[in-house]
1. May I ask for log10 I(q)/I(0) of the chain at q = 0.09 Å⁻¹, from a Debye sum over the Cα atoms as equal point scatterers with solvent left out?
2. Could you check the spin-label model distance between Glu183 and Phe253? Points 7 Å from the Cα along Cα→Cβ, value in nm.
3. Taking the Cα atoms of the range 141-261, report the difference between the largest and smallest coordinate on each principal axis, in whole Å and largest first.
4. Amide H neighbours of Glu170 under 5 Å, counting only residues 5+ apart in sequence or on other chains, H built in-plane at 1.01 Å?
5. So, for the chain, what is the accessible surface per residue at a probe of 1.4 Å, expressed in square angstrom?
6. Tell me, in nm to one decimal, what length is gained between Val92 and Arg107 on full extension, where the rule is 0.36 nm per residue of separation less the Cα-Cα distance?
7. How many percent of the accessible area of the chain is carbon or sulfur, using a 1.4 Å probe?
8. Gap in Å between the Cα centre of the range 113-168 and the Cα centre of the range 188-233?
Amino acid sequence: MKSITSRENALYKELKHLAGSSQARRKVGRTLLDGVHLCQSYLQLRGVPLQCIVSEGALANPEVVDLVMRCENAHAHCTALPDALYNALSQVEHGVGIMFLIDTPAREAPARLSVSAVLLDNLQDPGNVGSILRSAAAAGITQVYCSSGTAFCWSPKVLRAAMGAHFVIEIFENVDLAALVREAPIAVLATSGYATVRLYDVDLRGPVAWLLGHEGQGVAEDLLALASHQVVIPHLGQIESLNVAACAAVCFFEQLRQNQA
């Protein structure tokens, strides 16, 4: 295992730049997976990372040692950092002390929707985006399309919230959602607090695309007009609406319920 002790090391500078800049991650097409769970999921579902980076203090942790050994056995590059240098990279408070450097998948979006999917219109909160990815994966939805205004799916906060969902679904970013919806051969359901059709009254037994909008403004008006249906989730009490991630989970699992009934 290689050891880095200087902040001036070229690899360390590269890692520091990636850790602190979404623009850098987008530009080079690489990102960091921080924590045992994400690293375990990546090894299991996607394979070997470009780099395994570990803090010296974490080498006393059996789970970390197991991951390092698996990477070394697969001939991946492994690097140890003093705890102070590692902690300057990590965005996880009280983290375990291991991260992977990986290439972010570069996928060209299909011209037309053909399977159940999620369309994210200008969602800006990374926690919401990650939670939606996690719920989609859990409900068996395999494709997510993001508009250019949606939070970058491979940012550390989205990755942590998604808990490994990135590795079982296909994510397409900077997509022209209007063109996708306009040509969709399957039903596109937009969630709206002003809709009159209840979610539970819609037949969800075939493939559908779920169109979810900005946390405050909802789905853009032009996209709403293109959707096959506008649906609302009925709720009681004096709360105006559900959080978009909670709304997404209700929709996905109602679809799953109908398909398993």
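1. -0.46
2. 3.5 nm
3. Cα spread of the range 141-261 along its principal axes, largest to smallest: 36, 33, 33 Å.
4. Under 5 Å from the amide H of Glu170: Gln143, Val144.
5. 48 Å²
6. So the extension gain works out to 2.6 nm.
7. Carbon and sulfur: 49 percent of the exposed surface of the chain.
8. About 17 Å separates the Cα centre of the range 188-233 from the one of the range 113-168.
The values are calculated or read from the model by the stated rules, or taken from the named source; none is laboratory data. Nothing here was measured: the structure is a model prediction, and the numbers come from that model. Here the Cβ is made from the backbone with ideal geometry for all residues, glycine too, and neighbour counts use every protein chain on show. Accessible surface areas use protein heavy atoms only, side chains included; no ligands, DNA or RNA. Shrake-Rupley method; radii C 1.70, N 1.55, O 1.52, S 1.80 Å.
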